[in-house]
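Below is one structure; the comments refer to it alone.
Rule-based calculations on the coordinates, nothing more; no lab input. Here the structure is a predicted model, which means the values were calculated and not measured. Cβ coordinates were reconstructed from backbone atoms using ideal geometry, including for glycine residues, and neighbour counts include every protein chain displayed.
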Amino acid sequence: MSEEKTTLEVIAPTVDEAIANGLGQLGLPREMVDVEVLDAGSRGLFGLGGRQARVRLSIRWAEEGQSKSSPAAPPVESPAPKNEEAPAVTTAPVPAPARTEPAGDEETLRIAVQVVSDLLERMKVRARVTADYVQPEEGGDQPTVMVEIQGNDLSILIGRRSETLNALQYIANLIVGREAGRWVPLMIDVQGYRQRRERQLRQLARRMAEQALHTGRRQVLEPMPANERRVIHLELREHDAVSTESVGEEPNRKVTIVPKK
Amino acid sequence: MKELIEYIALSLVEDPSCVQVRQERSGGNKIRFELRVCKEDMGRVIGKNGRVANAMRVLLRVAAAREGKQAILDVVEPR
């Protein structure tokens, strides 16, 4: 008897959600699968840098006869997963249901470009605005709308500690969400600033981690906005010898890098 | 500057009928704006911990700087 192992790996914020997502995708009841928890996940600091839970679901073929689903249509043929509300990544060796991109429509991009252009026009800033979808590096999320602003002398749009850029992004996100009728993850960049800044922050994180180890003392970084602190936490998440935490109140919240005992 | 506040407010409220932006010069290059919205929409233009209002102030600062001015924004309770 060929013991066919059909498995599906699911990643989601919690173990329970991962199992529920996986069952939804397979279209199977809980008792038809074996669940193996590969990674229970962790919350991380302040919801940042947490690991997602990972489970592997194995279909129990042996019991298929008893539960009497029609043999011609194996239960693997699942109904289309509801991607809208279950944006779980699946790394499935076998029954990968066709993944339709949620929010992958042109209309949302058009709205995003329009809203950002409208804001800039009223701020008396002349610039070119384009938008596209990017996949977030941290798995699991739906694609993010990336709005690029290009033009001359746009440092006024970034501001101190990227305050202006973050305000623009926040307001644009609210308006786009309302016009699109649902929350849309959206990022705004000016002349590639965020990318450059992220590279700098990663380097800074590694350098300060070195220093923390070298001196044996905690290193306190400059105050940063939340999205920048997140980059530091993520960069050092896998580091064996240091841990990171954020201390202080906004807008003076700082990452500290602490050597592990 | 006024158009910026109006645009953002109108885009965020449920009821556009009471959105009103009043502008008063408070001497020199300072300008004060008063934004009024319906009572039910106050939360939408202020936000948790004033986050929306503060973001509007940051953007308003850019618009004002373009004209060599300083601007203040107050969100006012409807009468």
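Stokes-Einstein diffusion coefficient for region B:5-77 at 37 °C in a medium of 0.692 mPa s, Rh from the Kirkwood formula over Cα pairs: what value in µm²/s?
Answer from the Stokes-Einstein relation: 264 µm²/s.
Ranked by Cβ crowding within 10 angstrom, fewest neighbours first, how are A:215, A:144, A:130 ordered?
A:215, A:130, A:144
How would you rank A:239, A:233, going from fewest to most other Cβ atoms within 10 Å of each one's own Cβ?
Least crowded to most crowded, the residues run A:239, A:233.
Over all residues in A:116-128, what is the mean tally of Cβ atoms on other chains that come within 10 Å of each residue's Cβ?
If you average over the peptide's residues, the count of other-chain Cβ atoms is 4.
Suppose we keep just the DSSP beta bridges with both residues in region B:2-76; what percent of those would be antiparallel, to 5?
45 percent
Could you line up B:6, A:238 from fewest to most neighbouring Cβ atoms inside 10 Å?
A:238, B:6
Once the other residues with Cβ under 14 Å from the Cβ of residue B:36 are scored (Lys, Arg +1; Asp, Glu -1), what is the net sum?
-2
Give the span of region A:156-261's Cα atoms along each principal axis, as three whole-Å numbers ordered largest to smallest.
Projected onto the principal axes, the Cα atoms of region A:156-261 cover 51, 28, 23 Å.
Using a 10 Å cut-off around each Cβ of peptide B:53-66, what is the average number of partner chain Cβ atoms that fall inside?
Mean shielding count: 5.
Which whole number gives the average count of other chain Cβ atoms within 10 Å of the Cβ atoms across peptide B:11-17?
Per-residue shielding by partner chains comes out at 2.
Within 14 Å, Cβ to Cβ, of residue A:216, how many net charges do the neighbouring residues add up to if Lys/Arg are +1 and Asp/Glu are -1?
+3
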